[in-house]
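In what follows, a structure is listed as structure tokens, so that the remarks can point back to it.
Derivation of every value follows stated rules applied to the coordinates shown; laboratory data play no part. Quantities reported herein were computed from a predicted structural model and do not represent experimental measurements. We place every Cβ from the backbone using ideal geometry, glycine too, and count neighbours over all the protein chains shown.
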Amino acid sequence: MKKKVYLGIDTSNYTTSCAICDENGIILDNYKILLPVKQGENGLRQSDAVFAHVKNFQIIASKIKEKHAEYDYVAVGYSKYPRDVEGSYMPCFLVGRALAEMISALYSIDIFEFSHQKGHVQAAIYSSNTEIDDSFIAFHVSGGTTEILFVEPYLNDYKISQIGGSIDLHAGQAIDRIGVKIGLNFPCGREMESLALENKSKVPSAKINVNGFDCNLSGLENLATKLFEETKNNSLVCSYVFEFISKTLIKLTENLRIKYPECKIVYAGGVMSNKIIQNNLGNKFKNVFFAEPLYSSDNAAGIALLTRKQFLGKEQ
């Protein structure tokens, strides 16, 4: 007998993603292909991202076909836009929408739409080994977003409100811009983490800028660039970058604990796959949770899980 499964699709400006979960909410398959970026560049134009997604889905389709005989698709979900705010839009998400609508029509199955951000939050909860039945705080820290979110369970879904975050540069943007400047390939986070772990030099004190639940990260790029020009020490620069981001997130979390002392805090997004940052926060606070790296970076697992929740809620 075929397994009843739920299909999730996500087409961000970084990764082509497709995931499948079963009736019990277990991720069975999680396919991801990074979009190609030329040496020395800091990302892709939307037109190039759209073209890359179309090519990548040819590869993912061949992988899904291998298990096609095992699965009975019940519903499909996709990321329609980046964030849960009015006017949030990126053309690259149109690729996932078109594919999901075609699958829904071909199989005569239900289709559901979510934000890319909501998928990140759900994926983080899934992989962080925690049960959350009440409102909670979520950090979404990535190349396109550095936000603090107040998340409330709502009708088999979540209601998300932004309560803070960076007012200028995103953490992932800073990481990638600095990484490219010191000669690394975009996206730079993983390679920078490896370099930071090799550092033996003393890391300069990071002078962060945090006000309540808001922060500034644009200064990080300038300070790290200056440090590189003075030392030409890639490992030291990478250590400094993650020290700066860690201290910023720690101060924001301390401020949150004053107003929300009992709230669980979940850290999601590609930047939060960094073990240095995770350890710095985990050693400082209790009742904080992190996604596994596979579910921190862009993925469709959260979308598949949300699709299941919406479908089962509709059936009740």
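Taking the chain, how much of its Cα-Cα pair set, in percent, is spaced more than 36 angstrom apart?
It works out to 18 percent of all Cα pairs.
Pull up the cross-link candidates among the aspartates and glutamates for Lys2, meaning alpha carbon to alpha carbon under 12 Å and not fewer than 8 places away within one chain.
The qualifying aspartates and glutamates are Asp22, Glu23, Glu70, Asp72.
Note the direction-averaged projected area, equal to a quarter of the hull surface, for the Cα convex hull of segment 1-41, in nm².
The directionally averaged projection comes out at 3.5 nm².
Going through segment 229-316, which GluC sites (Glu not before Pro) have at most 16 other Cβ atoms within 10 Å and a DSSP loop state?
Sites meeting the loop and neighbour criteria: Glu262.
Which loop chymotrypsin sites (Phe, Trp or Tyr not before Pro) in segment 50-114, with loop taken from DSSP, have no more than 16 other Cβ atoms within 10 angstrom of their Cβ?
The qualifying sites are Tyr89.
At a 10 angstrom cut-off on C-beta neighbours, averaged per residue, how do the peptides 167-175, 197-205 rank from highest to lowest?
Descending mean neighbour count gives 167-175, 197-205.
Residue by residue through segment 37-53, what is 3J(HN,Hα) from phi via Karplus (6.51 cos²θ - 1.76 cosθ + 1.60, θ = phi - 60°)? Round to whole Hz and write x for glycine and proline.
Here the 3J(HN,Hα) series is 10, 5, 3, x, 9, 10, x, 10, 5, 4, 5, 5, 5, 4, 4, 5, 4 Hz.
Averaging sequence separations of C-alpha pairs under 8 Å and six or more residues apart, then dividing by the length of the chain, give the relative contact order as a whole percent.
It rounds to 25 percent for the chain.
May I have the convex hull volume per residue, in Å³, for the Cα set of segment 163-290?
Once divided by residue count, the hull of segment 163-290 is 98 Å³.
I'd like to compare 142-153, 217-228: which one has the highest average count of other Cβ atoms within 10 Å, and what's the full order after that?
142-153, 217-228
Where does the charge balance sit around Val288 when Lys and Arg score +1, Asp and Glu -1, over other residues with C-beta under 11 Å from its C-beta?
Computed value for this residue: +4.
Over the C-alpha atoms of segment 223-316, what are the Rg and the largest Cα-to-Cα span, Dmax, in Å?
When restricted to Cα atoms, segment 223-316 yields Rg and Dmax of 17.7, 63 Å.
Residues with beta-carbon under 13 Å from that of Ser142, excluding Ser142: net charge, scoring Lys, Arg +1 and Asp, Glu -1?
That sum, taken over residues with Cβ under 13 Å, equals -3.
Once R0 is set to 30 Å, what does the formula 1/(1 + (r/R0)^6) return for the Cβ-Cβ distance between Asn279 and Ser88, expressed as a FRET efficiency to the nearest 0.05?
With R0 = 30 Å, the Cβ-Cβ based efficiency is 0.40.
Would you please report the Å³ per residue occupied by the convex hull of the alpha carbon atoms in segment 59-99?
Dividing the Cα hull volume of segment 59-99 by its residue count gives 91 Å³.
At q = 0.25 Å⁻¹, what log₁₀ I(q)/I(0) does segment 132-203 have when each alpha carbon counts as one equal point scatterer in the Debye sum?
Debye curve over Cα of segment 132-203, log10 I(q)/I(0) at q = 0.25 Å⁻¹: -1.04.
Report, in deg cm²/dmol and to the nearest 500, the calculated mean residue ellipticity at 222 nm for the chain, where each DSSP H run with n ≥ 4 adds -39500 (n - 2.57) and the sum is divided by the residue count.
Calculated from helices alone, the mean residue ellipticity at 222 nm is -14000 deg cm²/dmol.
In nm², what is the average projected area of the convex hull enclosing the Cα atoms of segment 257-300?
So the Cα hull casts an average projection of 3.4 nm².
Can you count the Lys pairs in segment 163-290 whose Cα atoms are under 13 Å apart, with each pair 8 or more apart or on different chains?
7
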